[in-house]
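Single-structure report; data block below.
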Amino acid sequence: MIELILGKYNYWVYITLMMIGFYAMIEKENLIKKIIGMNIFQTAVFLFYISIAKVKGGTAPILWEKEGIPYDNPIPHVLILTAIVVSVSTTAVALALIIRIFKEYGTIEEDKILIMSEVSGKQDSTENSKFLSSTSLLQKGE
Amino acid sequence: MFDAVATIIVFAAILVLYRVIKGPTIYDRVLAANAIGTKTVVLIALIGFIYERPHFLDIALVYALINFIATIAILKYQEMGRLD
Amino acid sequence: MIDLMLLLFLVVCAIAAVSMKDLLSTTIILGVYSLIMTVVWTRLNAVDVAFTEASVGAGITTVLIIAALSRTKREEEGQEYGMWSKLLNPQDLKLTDKQSPLLWLTSLFIVLITGAVLIYGTIDMPDFGDPDAPANIHLAKRFIEESYEETGVPNFVTAILASYRGYDTLGETTVIFTAGISLILLLRRKSYICDTTIKEKEMKEHIVIRTISRILIPFVQLYALYVIAHGELSPGGGFQGGVIFGSSIILYVIAFGLEEGRKVRIFREMGDLLNSTGVLIYAGIGVLCLLAGGAYLEYDKLPLGSEKMASSLGIYGIEIGVGITVAAVMITIFFITARHER
Amino acid sequence: MTLTESLPILVIIIPLISAIIIPLIGRIDKSIAFAFVISANFLSFIISISLLNTVMETGRISYWLGGWEPPWGIEYVVDYLSGFVLVIVSFIAFIISVYAKKSVEMEVEGEKILPFYSIYMLLVTGFMGMIITGDIFNLYVFIEISALAGYALIAIGKKRAALIASYNYLVLGTIGATFILLGIGYLYMATGTLNMADLRERLPMLYDSKVVLTAFAFITVGLSLKLALFPFHIWLPNVYNHAPSVVSALMAATSAKVIAYVLVRIMFSVFTMKFDLEVVPVTKILLFLSVIAIIAGSVLAIAQTNIKRMLAYSSIGQIGYIVLGIAISNQLSMTGSLIHLLNHALMKGTLFLVVGAVVYKTGMEDISSLKGMGKKMPFTMAAFTIGALSMIGVPLTVGFVSKWYLALGALKAGMWFLVFIILVSSLLNAVYFWRVIEGIYFHQKPKVRSQKSTTKDSIESLKPEIQNQDDAPVGMLIPTLILAGLCIVFGIAAFIPVSVVTPIVNMLLEV
């Protein structure tokens, strides 16, 4: 048991980080806070990938004249470089959306936006929003 | 030896982290964050030294060169409320 | 020891960032989180990833969030009641649907379930750092042993990134390009009136920042070019160099004001063209390989001297393409998000 | 390498390069950009057809990107399945791009048309890349390309609610994509490879590993989020409702199909039937979810007053059909499922294009705004009727064919209640579509079209009576009618798609 915990400590930490980010993403009302949660959520996954790549006593995967030392696995590094770029792009698009939302609604709090949409969009109130919101917490928008 | 130094630097960073989280003003936080940034530069250089790989210095150099952009952005926003 | 401390540091930062009300403070903490993440990655020997995190985390992400804050709101509202009081006396509060304790519990439940599945999956994992784990044997072994011979690139990460999995990198550049075009689509107005309430004079008072920026920017740009050109030998490459170059322009704009930045002619008139140019260079090199009789992105087949030479030049070419697109898109994104309209 | 050998990469690169070039050449002349979009889509459609043709003759095509042999490099695979889906998606993308011109000019501001087309092409590139790739990480990259393009396209809808819809889609989509990324990481950790064919070889030894199990769980949940399978469907109605018509049409007709295709790939080509049936009861879970999706989608559709929203809920039900066939996973049901990929793309494409034309003409999206339109826009409404009849599943339309196969598959698997479910949902479909059709034709002159035995008749007999005919412009009408026509053609000549699908099913189920 102790071995299980100590041998994989990186993985436990990544799970913790991921849960923190995930919680912020689905529970916080503030739209920017959600994006910050999203960033933590994604970096946690990156940490998982990079942890796979580590080899005990290994060195950075750049050719080195010293013989006999193992290199760390370069593949997850490559994958995560791509994933980081994706993450930055998603953040940029999300922030642009938030700026537009603030312009239109004057707030970036989700609950307030929900109320405003309910007032303005009477036509859509016929859809069973009650049914949906009780079946899932992810019900948003009008 | 160097491991011990690295550990001490991380410990120092944790001390500063208290100020980042506690605040109370933005200036405290920015200053503390900047201190952590400086420690990071040292730490990365040190890790490179421990591992005997000079490539790590490049990363330290990036921080040394552009770490303060964020600081200036934060302070400009704090003072003027905008970045442009 | 040091690793555990760093990881603990990350968790504390994450919790603080999520629970703090002032969004500017949250952004600062996110910056610190990214700093420590870089250290964790250098500890794990992921030099290239650390480099990317350093260039992205130190500049772009923080600056973009602040730009978004400056055009929206700084304080997180609502939720002045703690989670527990929400749960214990819900009747005291005026709650919208989303705030009700039932939903709060549901989201906590979802998070915990996900966590439980992850913990369940971790039990069977090979131990951290196990050299005999399948991940470190199958593909990785060949890359480490033969990629230098095959591509002539000493940095294995760059070799895989640009050659073996070069197509992923084209996809990555396309993602950046997509983000740039998306922001143009979402936020840009041709007929905008720039809000110039901040007078030139006000910024002129900050003589220290201006002077330092003026001195430093050429060095930052030079370093960016070095990172792009030197990606084969050391950490870094097109993306990182592009971000650093973009950051230098962002620094200029922050120190001197956007109107001053727009005077840089190449960005005013050519910004959009540059966005496309970089990806076009990348995709075009691929097409050239096709025309030269190889597979897509098979640099060896390019008629540029020996195979190794062609491969090396091909990789340089795509790194430059990536660099151009990334720098141009970063600048575009910043210009679009930071600009206040009247 | 000859040109024919390079076709698998050209089918992706042509839309990609056109997306990059559009902002450049658009500076010279906007109309060139539009012609460019159409011709790029047309080219990739032609290439897809020739690829499918080659596959039919010679079998699986594997293309090594960068000349690196898989699993070291990235591999592109065209087999029966990917060839088939490639043809569907490129065809729909082509048809909608022909249709797009007028509609986009109305719904998108002038200065944004160029970036709009650029992102449209990027969306198509993302879809095509997801279909053709044989590398699981490359799949993630293309999922993200199409997702990012999708967020931007949805957000430029006219109403401000489009922004909220897009934002929520972004958050949920990112959760889904990150789950997929995590699952890929777990798979990589367990096997050390990223190539799908290589994974298939290495995974069976590891089926009892908890790591593989977790990987499968996360990938499936991530894909279900993107697919809008029942409990994860909440983002979909807002997205389809508020996006510009062209985008709704493209997303409704292709996006779910591509993700469903990826799900099939993961379930049957990366993992095997043995894993799906014996190791995890995944098929049972999917069966349960899809049945709920079919019923709930139809019931919720009845409650809608907005036509785009109604179609969106009906899509949730239809996605349920596709997953249902996968979940029963015998030969007949899989045939039904795969045909439904094509059929639903045709039907939903038709319906959304019609709605786009109505929005173009009247600017309204309410079901009530369709009242009396049978006279005003006879051809468009005829297309709508065909699409609606197909959705209900009337014989001689495509909808009937897929439901028939699904029902047969359910019977063969001994699940009688599923036939009942299919019948009930057809009835529900009939209820909400009848409401619309009634409004279209009977609202003002109830006597005119009381019997609509075959829709072809109704077009012809309607023609002479019309006076204030004000139909959609030709550029919009022809693509709509082509799709509607195909609904009938493939409904009557069902053997064409079935003959294409049969080898796919055999390949997937290893018969």
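Please treat every number below as a calculation from the coordinates, not as lab data. This is a predicted model, so every value here is computed, not measured. As a convention, Cβ positions derive from the backbone with ideal geometry for all residues, glycine included, and neighbour counts pool all protein chains shown.
Farthest towards the positive end of the charge dipole of the range D:281-511, among the residues D:Ala493, D:Gly409, D:Tyr360, is the Cα of D:Tyr360, using unit charges on the Cβ of Lys, Arg, Asp and Glu.
Apply the membrane-span-like helix rule to chain B: whole DSSP H runs, Cα extent along the own long axis of at least 20 Å, mean Kyte-Doolittle hydropathy at least 1.0. List the helices found. Please report the intermediate quantities before stating the final value.
Numbers: long enough: B:2-22 (30 Å, 1.97); B:26-51 (37 Å, 1.40).
For chain B, where a helix must reach 20 Å along its axis and average at least 1.0, the hits are B:2-22, B:26-51.
Partner chain Cβ atoms within 10 Å, averaged over the residues of C:147-159 - can you pull that number for me? Don't skip to the end; give the middle numbers.
Details: counts 4, 1, 0, 2, 2, 0, 2, 4, 6, 11, 10, 5, 4.
Mean partner shielding for this stretch: 4.
Enumerate the helices in chain C for which the Kyte-Doolittle hydropathy averages -0.5 or more and the C-alpha atoms extend at least 18 Å along the helix's axis, using complete DSSP H runs. Those that clear 18 Å and a mean of -0.5 are C:2-19, C:23-43, C:101-123, C:166-187, C:207-229, C:238-256, C:265-291, C:307-338.
If one takes the longest principal axis of the Cα atoms in chain D, at what angle in degrees, from 0 to 90 and to the nearest 10, does the Cα axis of helix D:80-107 lie? Between the helix axis and the principal axis of chain D, the angle is about 40 degrees.
Output the peptides C:17-27, A:54-64, C:240-250, A:16-26 sorted from most to least packed, where packing is the average of other Cβ atoms within 10 Å over each peptide's residues.
Values: C:17-27: 20.7, A:54-64: 18.8, C:240-250: 27.4, A:16-26: 23.0.
In decreasing order of mean packing, C:17-27, A:54-64, C:240-250, A:16-26 become C:240-250, A:16-26, C:17-27, A:54-64.
Evaluating 6.51 cos²θ - 1.76 cosθ + 1.60 at θ = phi - 60° for every residue in the range A:30-39, the Karplus couplings come out as 6, 5, 5, 4, 4, 5, 5, x, 4, 4 Hz, glycine and proline recorded as x.
Using Cβ point charges alone (K and R +1, D and E -1), the dipole size of chain C about the Cα centre works out to roughly 1620 debye. In this Cβ point-charge picture (+1 for Lys and Arg, -1 for Asp and Glu), the protein assembly as shown has a dipole of about 3240 debye about its Cα centre.
Calculate the dipole size of the range B:2-80 relative to its Cα centre from +1 charges on Lys and Arg beta carbons and -1 charges on Asp and Glu beta carbons; express the result in debye to the nearest 20.
Numbers: 6 positive and 5 negative charges, 49 e Å.
The calculation lands at about 240 debye.
For the range A:1-44 versus the range D:308-352, the inter-centroid distance based on Cα atoms is 36 Å.
Angle of helix D:7-25 to the longest C-alpha principal axis of chain D, folded into 0 to 90 degrees and rounded to 10: 60°. The residue among D:Leu199, C:Ser107, D:Gly317 whose Cα reaches farthest toward the positive pole of the charge dipole of the protein assembly as shown, with charges on the beta-carbon of Lys, Arg, Asp and Glu, is D:Gly317. Short-range pairs are left out: with C-alpha atoms under 8 Å and at least six residues apart, the relative contact order of the range D:253-411 is 24 percent. Whole Å is fine, so just give me how far the alpha carbon centre of the range D:154-220 lies from that of the range D:485-511. Here the two parts' Cα centres lie 29 Å apart. For D:Pro70, neighbours were defined as the other residues whose beta-carbon sits under 11 Å from its Cβ, and their charges (Lys and Arg +1, Asp and Glu -1) total -4.
In which sequence would D:Thr305, C:Thr62, C:Thr42, B:Thr40 go, from the one with the fewest C-beta neighbours within 10 Å to the one with the most? Present the calculation step by step, with values, prior to reporting the outcome.
Working: D:Thr305 15, C:Thr62 22, C:Thr42 30, B:Thr40 27.
Sorted ascending by nearby Cβ count, the order is D:Thr305, C:Thr62, B:Thr40, C:Thr42.
With point charges of +1 on the Cβ of Lys and Arg and -1 on the Cβ of Asp and Glu, referenced to the Cα centre of the range D:247-405, which listed residue (D:Ala253, D:Leu332, D:Ile294) lies farthest in the positive direction of the dipole? Ranked along the dipole, the leading option is D:Ala253.
Electrostatic tally near A:Leu81: other residues with Cβ closer than 12 Å to its Cβ, Lys and Arg +1, Asp and Glu -1, net -3.
What is the sum of charges, Lys and Arg at +1 and Asp and Glu at -1, for the other residues whose Cβ falls under 14 Å from the Cβ of A:Phe41?
Values: positive: A:Lys28, A:Lys33, A:Lys34; negative: A:Glu27.
Its environment carries a net charge of +2.
Rounded to the nearest Å, what's the spacing between the alpha carbon centres of the range D:26-59 and the range D:134-148? Just the number, please. For the range D:26-59 versus the range D:134-148, the Cα centre distance is 21 Å.
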